[in-house]
1. Out of D498, D486, I need the residue that is assigned by TED's automatic domain parsing to the domain that holds S255 and part of a loop (DSSP other than H, G, I, E, B). Which one?
2. Does E165 count as modelled with pLDDT under 95, at negative phi and not assigned by TED's automatic domain parsing to the domain that holds P367?
3. Considering only the stretch 285-292, I want to know if a residue exists there that is over 30 Å from D576 (Cα atoms) and free of Cβ contacts under 8 Å to residues at least 60 places away in the same chain.
4. Can T275 be described as within 12 Å of A206 (Cβ to Cβ) and among the polar types (S, T, N, Q)?
5. Confirm whether V235 is surrounded by 15 or more Cβ atoms within 10 Å (Cβ to Cβ), within 30 Å of D576 (Cα to Cα) and among the β-branched types (V, I, T).
6. Sort out which residues of the stretch 70-99 are over 15 Å from R176 (Cα atoms) and of a type in the set (A, V, I, L, M, F, W, C), and write them in order of number.
7. State which residue pairs qualify: first residue on the phi > 0 side of the Ramachandran plot and inside the stretch 93-113, second residue buried (at least 18 other Cβ atoms within 10 Å of the Cβ) in any location, beta carbons under 6 Å apart, and separation of 6 or more residues or different chains.
Amino acid sequence: MVAAAVPKTTGAEAIIWDLSVFYAGVDDPALQRDMEALNQQVDDFAARYRGRVAQLDAEDMVDALKTMEVIYDRSGRIGSFASLLYSTDTANPQYGALIQKVTEYGAQINQKLLFFDLEWNNAEDEAAAKLLADPTLAQYRHYLEAERRYKPFQLSEIEEQLLVEKSVTGRSAWVRFFTQLTSAIRADYDGEPLTLTQVLTKLHDADRETRRKANAAITAALRDRAMELTYIFNVLAADKASDDKRRGYPSWISSRNLSNKAPDEVVNALVQAVTSNYELVARHYRLKRALLGVDELTEYDRYAPLPLKEGDTFYHWDDARDIVLKAFNAFSPRFADIAGRFFNENWIHAPVLPNKRGGAFCSGTVPSAHPYVFVNYEGKSNDVMTLAHELGHGIHFYLATEAQGIFGMHTPLTTAEMASTFGEMLVFEDLMAKEPDAETRLAMLAKKVEDSFATIFRQVSMNRFEDGFHTARRTEGELTTDRISDIWIQTQRAMFGDSVKLSDQYSIWWSYIPHFLHTPGYVYAYAFGELLVMALFNLYRERGAAFVPQFIEVLAAGDSDWPEQILAKVGVDLTDLNFWNEGLAALRSLVEQEEQLARELYPEKF
């Protein structure tokens, strides 16, 4: 009789966040009381300021914004509690009912507050400029100034209210359905029903047959739900096209660029720089093919660990914690102190659970609480880097919230990746510096290159997919599964060239990626952030300890100014359209290092 294999424990099984800073639980009566009290506060605010916003003097505007800060904090507490709870178990009917209730409630609150921004944006430019110049408003100047960039695209109040109201049963409902649907998908792996997260992890396994079966299992599971997923993508793309047309946005990406405070020409330069360097991807994967000793790489070989020392190391949760905190501490004790609070005060949710949302994120929540980190930890090296990444976000939120409050805590998505990718680099550099074995360093270097590729090249290739998908939806009407899959596979093959053979199985893999639906146009922000951090890390190497307080100041600045003004403090010029080449040069250097080290260690393979 053969004993059944015992699943390996990660140490993350009991790492559950404590949400009691918000409420005791889903049935806490304080939740309903707070919703009622906030509703009354919003009504009072509207009664006081409606019809007067454009005429407010500096002192009155400050008073109004301070009241709004309280309103947004109280509203954010309710919304954060519901969304964080829901993410841990999307099949729980109580959590689902709560998230729907809060979504509907939030829409009502937003409808009542819409007048404020609309009236402010409708103020005459000369009057607005005069008010913004008043030093009394210094703390809120950028917030007010930045709001006015939406002036050409805003609608009437009744139209804006209708869009918010219909989103509850429209866009928001479809996004929630997608989340529940993908969280409930079970892929049949050797007769065992596993979540997508569990099977995706097997693509990092050293055994090729395990990876092949995982790839086939995911493909089959996604194809089984292709009808629903295709319909959701079509509906949400049509919804976005309708909104963009009504508001007058010139393209599908315009609203995202505006939100990111990233001019179109800067984003176009980024995309062009990355796509014109796709040959770096091919160089790495040709090298990997030689090191793996296979005739051809397929889609299920992309994340295969190299057959080298430490190529498939398992990291217990305690090990991951120590690795991240030590690397952060070497950079700045302040970094390590903040990150340590996430572990010590239960601000992290880490285990893989049956109906838990996949992926990872950090929620900044509100100033009266603190950030939370969400991961699905399975002990792989990638999980350690993901933990460092999300804790970097947590540090960024912590510093910006402390310094700027609720109006300045959320940076544009492009610069939101600064601390997260910087945190990954700190861990990587620390581990590399301490590793004496050349073979292990090669494994680590190759893994870092692939992580950077996933953040830069893969995300831009997904931006190219989104561009093709939204353009096709707007010009061709509803798209079939095969049509969307064709757009996907073309953009992915363009990235890999002849270095990886992507089979037709891979063509359906667009259908589980949440970013396309949650935040259309978002993905290029990862490449923006990674290339920015590579440039920043070079500055850190040059300046050493002098760079640390400068970088912390940049993070603490949050959204208090335009990104190019904030980053100018550390010598970065985001207005230079050739800036992206600096980060790509750093990435090219990593590829050259791995090529040289591989040839030194295994000359017979080349």
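The values are calculated or read from the model by the stated rules, or taken from the named source; none is laboratory data. Please read all numbers here as calculations on a predicted model, not as lab measurements. A quick note on method: Cβ atoms are made from the backbone with ideal geometry, for glycine too, and the neighbour counts reach across all protein chains shown.
1. Only one candidate passes the filter, namely D498.
2. yes
3. Yes.
4. Answer is no for this residue.
5. No: the conditions fail for V235.
6. If the condition is that a residue be over 15 Å from R176 (Cα atoms) and of a type in the set (A, V, I, L, M, F, W, C), then V70, I71, I78, F81 are the ones that fit.
7. none
Okay, residues lined up against (1) without any contact (Cβ under 8 Å) to a residue 60 or more places away in the chain; (2) crowded, with 17+ Cβ neighbours inside 10 Å; (3) of a type in the set (D, E):
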| site | (1), (2), (3) |
| --- | --- |
| G544 | yes, no, no |
| D561 | no, yes, yes |
| G571 | yes, no, no |
| E592 | yes, no, yes |
